[in-house]
1. Touching a Leu at 6+ places or on another chain (Cβ under 7 Å), assigned to a helix (DSSP H, G or I), closer than 21 Å to Gly163 by Cα and among the polar types (S, T, N, Q): which single residue out of Ser91, Ser50 fits that description?
2. Report yes if some residue within the stretch 61-78 is closer than 30 Å to Leu125 by Cα, outside any helix (DSSP H, G or I) and more than 13 Å from the chain's Cα centre (by Cα); otherwise report no.
3. Just name the residue that is surrounded by the fewest Cβ atoms within 10 Å (Cβ to Cβ) out of those in the stretch 99-147 that are aromatic (Phe, Trp, Tyr) and assigned to a helix (DSSP H, G or I).
4. Looking for whichever is within 26 Å of Ala182 (Cβ to Cβ), of a type in the set (D, E, K, R) and either modelled with pLDDT of 95 or more or in contact with a helix residue (DSSP H, G or I) (Cβ under 7 Å, 6 or more places away or on another chain) (or both) here; the options are Asp107, Asp83, Asp103. Which one fits?
5. How many residues are surrounded by 17 or more Cβ atoms within 10 Å (Cβ to Cβ), touching a Phe, Trp or Tyr at 6+ places or on another chain (Cβ under 9 Å) and of a type in the set (A, V, I, L, M) when one looks only at the stretch 9-39?
Amino acid sequence: MWRGWFKIWHLPVLLILLSTLLALGGADLAGALRYQRAEILQGQFWRLFSAHLLHLGGAHLLLNLCGLGLVWALFARELSGPDGWLVLLCSALGVSLGLLLFDPGLDWYVGLSGVLHGLFAAGALRHWRERPAEAALMLTVLAGKLLWEQLLGPLPGTSAVAGGPVVVDAHLFGALGGCLGALLRRSALAPPRRH
């Protein structure tokens, strides 16, 4: 029983624990771990990953952890085990490298929302095998949200809830990284085998 639970839930539980512990670490720790363009360009590459575990405050943390719970409730089967780690890595790198290459005016960034968009995109793509109509609907909603954000900015009220500005490019780059992570395995979109 525990082995099955651990296999499915270890990744989100680890993210929740690390994010919560880092939130208690204070401003000095956050300053050493957040995405900061100048420091990354000077070789502090851990920031490409650690920034996603930091948040603007308690409300931002709670919002992202609720989002993580929702994504995992929808796609735990598709993202459990090594696949989830691959998608997490691709999503985090997608956000950080996307911001580094295509958003040179952004000095710093924190948050898990870009990675969550990647996990959602990958989960929906992998869900395609079992339920293509559901997956198509989920991907359409995600694409609509990303398009809205690129054309009109953050969804109304999200900046106030998060406690600071929403970096919508992080959502786009995370979703693209998540799609890459899902597609790295050839069987991600293959139809199910018939016995």
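1. Going through Ser91, Ser50 in turn, just one is touching a Leu at 6+ places or on another chain (Cβ under 7 Å), assigned to a helix (DSSP H, G or I), closer than 21 Å to Gly163 by Cα and among the polar types (S, T, N, Q): Ser50.
2. Looking for residues that are closer than 30 Å to Leu125 by Cα, outside any helix (DSSP H, G or I) and more than 13 Å from the chain's Cα centre (by Cα), one finds none in the stretch 61-78, hence no.
3. Ranking the qualifying residues of the stretch 99-147, first place goes to Phe102.
4. Among Asp107, Asp83, Asp103, only Asp103 is within 26 Å of Ala182 (Cβ to Cβ), of a type in the set (D, E, K, R) and either modelled with pLDDT of 95 or more or in contact with a helix residue (DSSP H, G or I) (Cβ under 7 Å, 6 or more places away or on another chain) (or both).
5. 2
Every residue, every condition in (1) in contact with a Pro (Cβ under 9 Å, 6 or more places away or on another chain); (2) within 22 Å of Leu137 (Cα to Cα), yes or no:
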| residue | (1), (2) |
| --- | --- |
| Leu53 | no, no |
| Gly57 | no, no |
| Val71 | yes, yes |
| Arg77 | no, yes |
| Pro82 | no, no |
| Trp85 | no, no |
| Leu99 | no, no |
| Gly111 | no, no |
| Leu116 | no, yes |
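The values are calculated or read from the model by the stated rules, or taken from the named source; none is laboratory data. Every value quoted in this text rests on a predicted model; they were computed, and no experiment measured them. Because the Cβ atoms are built from the backbone with ideal geometry, glycine has one as well, and the counts that use them run over all protein chains shown.
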